[in-house]
Amino acid sequence: MPSMLDAVVVGAGPNGLTAAVELARRGFAVQVFEAAPAVGGGARTEELTLPGFRHDPCSAVHPLAIGSPAFDAMPLDRHGLEWIQPDLALAHPFPDGTAAVLAASVGETAMSLGPRDAGAYRRLLAPYLGHWDSLARDFLRTPWDGLPRDPYRWARFGLDAIQPATLLSRRFRGEKARGLLAGLAAHAIAPADGIATGGIALLFALAAHERGWPIPRGGSQAISDALASYLRELGGTITTGTEVKRLDELPPARAYVFDTSPAALARIAGLGRAYQGYRYGASCFKIDYALSGPVPWTAEEPRRAGTVHIGPTAGEIDDALHRAVDGRDPRAPFLITAQSSLVDPSRAPEGKHVFWVYGHVPAGWQGDATEVIERQLERFAPGFRDLVLARAVAGPPGIAQRNANYVDGDIACGAFAGLQTVIRPKLARVPYATAHPAVFLCSSATPPGPGVHGMSGHHAAKAVWRRLRASGEPGRRR
Ligand SMILES: Cc1cc2nc3c(=O)[nH]c(=O)nc-3n(C[C@H](O)[C@H](O)[C@H](O)COP(=O)(O)OP(=O)(O)OC[C@H]3O[C@@H](n4cnc5c(N)ncnc54)[C@H](O)[C@@H]3O)c2cc1C
């Protein structure tokens, strides 16, 4: 270990690890400090319930990771990452026993929406099919960071993406297409009448057709372990079980890169009120189940889907999101569920299953949503409760306790709504830089925002490299 490091990274989430890898790849001497006993942050896998049941406490399904330009450029498969694609990316069941689906095929998806909306769905997606690579590069970044690679498609996608999902859904006439779109937009944890919620829905739909919504074999931890293994191969080191409280506790380095919330960064690096205008958003209530069998869905499609959305209509979904954002108790929460062990038997003892569910609740909410969540599940999978062997429950305080980045249980590390969708953590030409010339932020509080894709880490590493190059201190070659 050199006496002076080139970069210290605080936090070993997907963005911290990506920043560390990209700096180490440029010849920097890098050390990562992580508060938790293991690397991964929001991409972890643990036996939360019973022996042999391998649960993902946070992320489970990874359209943005398989579609990430940063991960694409790394040999993560050589470090053990294997993607499994479920038969269907997503099923969205309705009370009459039918379901809309998001399949790899646009045709199959369109047909599931019914004859009135099949054509409208095809027309919505058609301009972007086959262009994931350029769209991902142009949108998974700060919008004003240089010219887009494909200006025509960037502008065209931007015009659709900036719309609220409620406006985009006027292109459809039936409940199925509108429900599907509202469910996709709800990944923003914001009501569907907010700007750019249409873009979230469009991005997730396009990802399903272009790259799929895969699950890593062995669980989300496999992504983090692959990043950590690649980092070590490049000479980087990782110290776990060390919560960083002050900048001067860290070894001397040319740059410090924080995979933390802006509030924690300001506290640790002494940046005062630099981020006091930054808003945190609504939270989630997460349940990880150990089940004695697969979920007994009434409809056939959810039985072969990696992800199942429980809404069902755009109206119900919007009501659930408004309640969470407005600070009201959940009544019939919109649920995002994942069934990893359907495609990866290594996740549970033979014949048994793990099941991953979350619904939205207000920030810092202290209640117990187990009953309302299970009532929703029973509507679409009667007999579900009879299969429950054990459950691990985490409301906002539990989610925040698992990871300091999830302030009051906000899993997006800052509301992904309104202007904060693109201007995060605050308006700046380089949002990864801070008032301290050696201190940088790389967490999902920076563009392009939440999700396991490593793109915030990728752009932050670029900012570090540029700063050190400009000051005549580029990384040493080891
Ligand atoms: C319930 C839930 C479900 C989700 N589902 C999905 C999904 O299916 N797909 C998807 O793509 N995304 C999902 N996400 C979001 C995703 O997990 C995050 O957006 C992503 O992990 C953010 O990565 P990050 O590196 O910015 O931060 P994090 O992953 O949060 O990592 C930050 C790391 O920094 C560490 N840290 C913080 N402060 C300190 C300190 N002071 N000292 C040392 N270490 C510190 C933390 O312990 C943590 O390990 C989900 C999140 C949750 C909570």
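The values are calculated or read from the model by the stated rules, or taken from the named source; none is laboratory data. Since the model is a prediction, treat every value here as computed from it, not as a measurement. Positions of Cβ are backbone-derived with ideal geometry, glycine not excepted, and every protein chain shown enters the neighbour counts. Quick note on the areas: whole protein, heavy atoms, side chains included, nothing else; ligands and nucleic acids left out. Shrake-Rupley method; radii C 1.70, N 1.55, O 1.52, S 1.80 Å.
Need one number: % antiparallel among DSSP beta bridges in the chain, to the nearest 5.
Numbers: 31 of 49 bridges.
The antiparallel fraction comes to roughly 65 percent.
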- [ ] Take the alpha-carbon centre of the range 209-285, take the same for the range 138-152, and report the distance between them in whole Å.
- [x] 25 Å
Open item on the list: If I model the chain as equal point scatterers sitting on the Cα atoms and use the Debye formula, what is log10 I(q)/I(0) at q = 0.09 Å⁻¹?
Closed with: -0.56
Task: Accessible area per residue, Å², the range 28-122 with all protein chains present, probe 1.4 Å - done: 35 Å²
TODO: Could you pull out the chymotrypsin sites (Phe, Trp or Tyr not before Pro) across the range 119-150 that fall in loop regions by DSSP (anything but H, G, I, E, B) with no more than 16 other Cβ atoms inside 10 Å?
DONE: TRP144
Open item on the list: Against the 2.2 N^0.38 Å scaling, with N counting residues, where does the range 381-432 land? I'd like the Cα-based Rg ratio to two decimal places.
Closed with: 1.76
Open item on the list: Computing the accessible area with a 1.4 Å probe over protein heavy atoms, can you report the carbon and sulfur percentage for the chain?
Closed with: 53 percent
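What is the ratio of the Cα radius of gyration of the range 168-254 to 2.2 N^0.38 Å, where N is its residue count, to two decimals?
On the way: Rg = 20.6 Å, N = 87, 2.2 N^0.38 = 12.0 Å.
Here the answer is 1.71, to two decimals.
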TODO: Below 29 Å Cα-Cα, how many Lys pairs turn up in the chain? Only count pairs eight or more apart in sequence, or on different chains, if you could.
DONE: 6
Open item on the list: Explain nothing, just the number: dipole magnitude of the chain about its Cα centre with +1 on each Lys and Arg Cβ and -1 on each Asp and Glu Cβ, in debye rounded to the nearest 20.
Closed with: 1480 debye
Task: Computed log₁₀ I(q)/I(0) - Debye formula, equal Cα scatterers, no solvent, the range 57-124, q 0.11, 0.20 Å⁻¹ - done: -0.41, -0.92
Open item on the list: If you average the C-alpha positions of the range 424-447 and of the range 1-22 separately, how far apart do those two centres end up, in angstrom?
Closed with: 16 Å
Open item on the list: As an exercise, identify the GluC sites (Glu not before Pro) in the range 219-283 lying in DSSP coil whose Cβ has no more than 14 other Cβ atoms within 10 Å.
Closed with: GLU243
Task: Ratio of the Cα radius of gyration of the range 105-210 to 2.2 N^0.38 Å, where N counts its residues - done: 1.04
Open item on the list: Is the C-alpha gyration tensor of the range 3-44 telling us rounded, prolate or oblate? Criteria: a/c under 1.5 is rounded; beyond that, a/b larger than b/c is prolate, otherwise oblate.
Closed with: oblate
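To the nearest 500 deg cm²/dmol, what mean residue ellipticity at 222 nm is calculated for the chain from DSSP H runs of n ≥ 4 alone, each contributing -39,500 (n - 2.57), summed and divided by the residues? Working shown, then result.
Details: 16 runs with 154 residues, N = 478.
Calculated mean residue ellipticity at 222 nm is -9500 deg cm²/dmol.
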